[in-house]
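Student: Once you've had a glance at the structure underneath, I'll fire off some questions.
Values in this text are rule-based calculations from the coordinates and carry no lab data. In this text the structure is predicted, and so the values were computed from the model without any measurement. Virtual Cβ from ideal backbone geometry, glycine too; neighbours counted across all protein chains shown.
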Amino acid sequence: MTMPQIVAGKTRIGWIGTGVMGSSMCGHLISAGFATTVYSRTRQKAEALIGKGATWAASPKEVAQNSDVIFAIVGFPSHVREVMLGEDGALAGARAGSVLVDMTTSQPSLAVEIYRAAKTKSVHSVDAPVSGGDIGARNATLSIMIGGEADVVATLQPLWETMGKTIVHQGGAGTGQHTKMVNQILIATGMIGVCEALLYGYKSGLDLPTVLKSVSSGAAGSWSLSNLGPRVISNNFDPGFFVDHFIKDMEIALEESRRMGLSTPGLALAQQLYLAVKAQGFGLNGTHALMLALAQLSGIEWLKRG
């Protein structure tokens with residue numbers, strides 16, 4: 001199958017989904033000189049990109065009809081299925097030789113399904129979920145985990161480099177999503193440690209910013225501790241990544257683990273704790289809002305502390 005050449009000012013980019021991360025990622029492509037057509041369920045969320053020069057489309061199908069490479073980063077697997085495989089989805093409007101790129105964290109099996117459906121129309125398909133949250137999206141430092149055919153992945157290298165810093169081809173269709181599950185399992189259990197440690201530090205009377213100076217650069221250090229720890233301390237639970245979406249990711253990881261016969265008790269515990277966060281009304285807050293559920297278990301009103 002033919003593939004588009006990636007040249008700023010010549011290659012036409014399509015973008016579906018302009019949420020917390022998608023807006024920044026698409027913005028980098030526009031700034032790099034790629035003509036871009038965008039779609040989101042709410043046009044208002046795309047206004048900033050339209051202001052930067054993007055063209056609005058009425059459907060994912062219309063996006064694909066006007067693009068050589070079509071990216072999507074939406075919320076849930078059901079949304080991926082709709083925007084990629086639906087009657088008005090991207091594949092319905094994609095031309096032979098174009099490329100579909102799903103950057104949503106979704107089901108590995110769905111990535112394989114999209115790949116196979118695309119191939120019947122001589123369309124390329126890549127699954128490329130990302131890690132790094134809103135900070136990584138804004139700073140173009142995302143880790144991009146890619147599943148798909150090697151030549152297609154290599155062709156898109158200029159686009160990957162516009163959005164991310166760590167770009168790794170994992171293997172065939174679905175391997176990007178499997179790798180993201182590894183990432184999410186690490187984050188899920190790691191976030192418990194971050195929040196419990198800060199809760200302990202607070203209860204014992206320590207000055208938490210001073211504590212971070214000691215522990216964040218040693219063996220206990222992590223991206224979550226360095227980047228989200230300060231947000232927890234300052235009671236800033238704005239989303240870099242929604243709790244609701246993280247619960248979805250953990251459910252996918254648990255489903256895949258069961259399918260492979262794996263026992264993942266740490267992941268199961270993390271999912272239960274995050275369901276408590278959601279039940280408390282913080283589903284649209286960031287993943288570090290786990291602190292709110294843990295604080296409640298200990299009878300500490302974290303948001304009201306002095």
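Student: Take every Cα pair under 8 Å in the range 1-128 that's 6+ residues apart, average their separations, divide by the length, and report that relative contact order as a whole percent.
Tutor: Working: 264 pairs, mean separation 30.9, N = 128.
So the answer I get is 24 percent.
Student: Now for a different question. With N denoting the number of residues in the range 139-207, provide Rg(C-alpha) divided by 2.2 N^0.38 Å, to two decimal places.
Tutor: Details: Rg = 17.6 Å, N = 69, 2.2 N^0.38 = 11.0 Å.
This ratio for the range 139-207 stands at 1.60.
Student: Also: At 30 Å minimum axial length over the Cα atoms and a Kyte-Doolittle cut of -1.0, report the qualifying DSSP H helices in the chain, or say none.
Tutor: Result, helices passing both filters: 175-203.
Student: Per-residue ellipticity at 222 nm for the chain, helices alone: DSSP H runs ≥ 4 residues times -39500 (n - 2.57), over residue total, nearest 500 deg cm²/dmol? Spell out each step's value before the answer.
Tutor: Working: 15 runs with 154 residues, N = 306.
One gets -15000 deg cm²/dmol as the mean residue ellipticity at 222 nm.
Student: Further question on the same structure: How do 246-254, 274-282, 162-170, 97-105 rank on mean C-beta neighbours within 10 Å, highest first?
Tutor: Final packing ranking: 97-105, 246-254, 162-170, 274-282.
Student: Place a +1 charge on the Cβ of each Lys and Arg in the range 12-173 and a -1 charge on the Cβ of each Asp and Glu, then give the dipole magnitude about the Cα centre in debye, rounded to the nearest 20. Before the final figure, lay out each step's value.
Tutor: Details: 13 positive and 13 negative charges, 44 e Å.
For the range 12-173, the charge dipole is close to 220 debye.
Student: Given bins 10 angstrom wide, list per bin the percent of all Cα-Cα distances in the chain, short to long.
Tutor: Distribution as computed: 6, 27, 33, 21, 11, 2, 0 percent.
Student: Please identify every one of the chymotrypsin sites (Phe, Trp or Tyr not before Pro) in the range 136-206 that sits in a loop by DSSP and has no more than 15 other beta carbons within 10 Å of its own beta carbon. List each step's numbers first, then the result.
Tutor: On the way: sites: W160, Y200, Y202; in loops: none.
Sites meeting the loop and neighbour criteria: none at all.
Student: While we're on this one: State to the nearest 20 debye the size of the charge dipole of the chain about its Cα centre, where the only charges are +1 on K and R beta carbons and -1 on D and E beta carbons.
Tutor: Details: 24 positive and 22 negative charges, 60 e Å.
That gives a dipole near 280 debye.
Student: Normalised by the number of residues in the chain, what is the relative contact order in percent for Cα pairs under 8 Å and 6+ residues apart? Write out the running numbers ahead of the final one.
Tutor: On the way: 573 pairs, mean separation 41.2, N = 306.
Here the relative contact order equals 13 percent.
Student: Okay, next question. Out of G9, A118, L292, whose Cα points farthest toward the positive end of the dipole of the chain (charges: +1 Lys, Arg; -1 Asp, Glu; placed on Cβ)?
Tutor: G9
Student: I'm checking a number: the convex hull volume of the Cα atoms of the range 12-173, normalised per residue, in Å³. What is it?
Tutor: About 91 Å³ per residue, rounded to a whole number.
Student: Also: Could you give the dipole magnitude of the range 179-304 about its Cα centre, charging the beta-carbon of Lys and Arg +1 and that of Asp and Glu -1, in debye to the nearest 20?
Tutor: Working: 9 positive and 9 negative charges, 16 e Å.
Using Cβ point charges on Lys, Arg, Asp and Glu, the range 179-304 gives about 80 debye.
Student: Multiply the residue gap between D207 and Q280 by 0.36 nm, knock off their C-alpha separation, and tell me the result in nm, one decimal place.
Tutor: On the way: separation 73, 0.36 × 73 = 26.28 nm, distance 2.72 nm.
Going from the current span to full extension adds 23.6 nm.
Student: I've got another one for you. What is the range 179-304's relative contact order, in percent, from Cα pairs under 8 angstrom and six or more apart in sequence?
Tutor: On the way: 125 pairs, mean separation 41.7, N = 126.
Taking the mean separation of contacting Cα pairs over the length of the range 179-304, I get 33 percent.
Student: Please give the peptides 114-122, 62-70 ranked by average Cβ packing (other Cβ atoms within 10 Å per residue), highest first, as a rough proxy for protection.
Tutor: Working: 114-122: 16.6, 62-70: 24.3.
Highest to lowest by the protection proxy: 62-70, 114-122.
Student: Enter the Cα centre distance for the pair the range 173-226 and the range 271-300, rounded to the nearest angstrom.
Tutor: What the calculation gives is 15 Å, centre to centre.
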